[in-house]
Amino acid sequence: MNAILLRAKIPLTEADVVVSAGRGMKDPGNWGMIEELADLIGATTACSRPVADIGWRPHHEHVGQTGIAIRPSLYIAIGISGAIQHLAGVNNSKRIIVINKDPEAPFFKAADYGICGDLFEIVPRLNEAIKEFKASN
C-alpha cells in the first residue's frame with residue numbers, strides 16, 4: 001500500500017516560494033492548477049485582494065498593502081494585474097515572475113521575468129513540464 005505524505009503548508013510570511021493568483025483565474029473552480037503548481041515546486045499559495053474579497057480564497061492568503069507583506073525568494077504572480085496596492089506587499093521578493101495575458105499589466109514593470117499569454121494554456125503546460133522533469137530525474 002502506498003503511503004500518502006501530506007505536506008504542511010508553510011505560512012506566507014515564512015515561505016521561500018509563493019505562487020499567487022488573481023481575478024484572471026475567472027472562477028474559483030480553476031484554482032486547482034495553481035495548487036498543483038505550488039505542490040510541484042514546494043510553494044505556498046497566495047492571492048490578490050479582489051480574490052479574497054469575493055470569497056474565492058481565504059483572507060489569510062491575501063498579499064498586498066492591505067494584506068500580508070511577504071519577502072520570498074521567488075514570487076510567481078498568475079493572472080494578477082499588479083496594482084500598486086498588491087506590489088506594496090510583494091516588492092521585497094528576490095525574484096518575481098509574472099504570467100498575464102495583458103502586455104500592459106503594471107506587474108510586468110516590476111517583474112524579473114514575464115510571460116505574456118493565456119494562463120489557462122501556460123500553467124497546465126508548465127505543470128506537465130515540471131512533472132516530466134521530475135520523472136526523468
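Read-outs throughout are calculated quantities, based only on the coordinates presented, and are distinct from any laboratory measurement. Note that the coordinates shown come from a computational prediction; the quantities given were computed from them, not determined experimentally. All Cβ positions, glycine included, derive from the backbone under ideal geometry; neighbour counts span all protein chains shown.
Taking the C-alpha atoms only, the angle from helix 32-41 to the longest principal axis of the chain is near 70 degrees. When you restrict to C-alpha pairs under 8 Å that are six or more residues apart and normalise by the size of the chain, the relative contact order lands at 22 percent. Per-residue ellipticity at 222 nm from helix content only, as computed over the chain with -39500 (n - 2.57) for each DSSP H run of at least four residues, stands at -9000 deg cm²/dmol. Once the Cα atoms are used to define both axes, helix 119-136 deviates from the longest principal axis of the chain by about 40 degrees.
Considering only Asn100, Gly29, Ala69, the residue lying farthest towards the positive end of the dipole of the range 12-136 is Ala69, judged by Cα position with unit charges set on Cβ. Where a ≥ b ≥ c are the square roots of the eigenvalues of the C-alpha gyration tensor, would you call the range 28-82 rounded, which needs a/c under 1.5, or, failing that, prolate if a/b is larger than b/c, or oblate? Because a/c hits 1.5 or more and a/b fails to exceed b/c, the range 28-82 counts as oblate. Think of each Lys and Arg Cβ as +1 and each Asp and Glu Cβ as -1; about the Cα centre, that makes the dipole of the chain roughly 240 debye. Rounded is the label for the range 12-136, because the ratio a/c of its alpha-carbon gyration tensor axes (a ≥ b ≥ c) stays below 1.5.
Between Phe120 and His59, the C-beta separation translates, for a Förster distance of 25 Å, into a calculated FRET efficiency of about 0.45.
How high is the relative contact order of the range 54-126? Use alpha-carbon pairs under 8 Å, at least six apart in sequence, and give a whole percent.
Working: 123 pairs, mean separation 19.3, N = 73.
Answer for the range 54-126 is 26 percent.
Other residues lying with their Cβ under 10 Å from the Cβ of Ser93 contribute a combined charge of +2, Lys and Arg counting +1, Asp and Glu -1.
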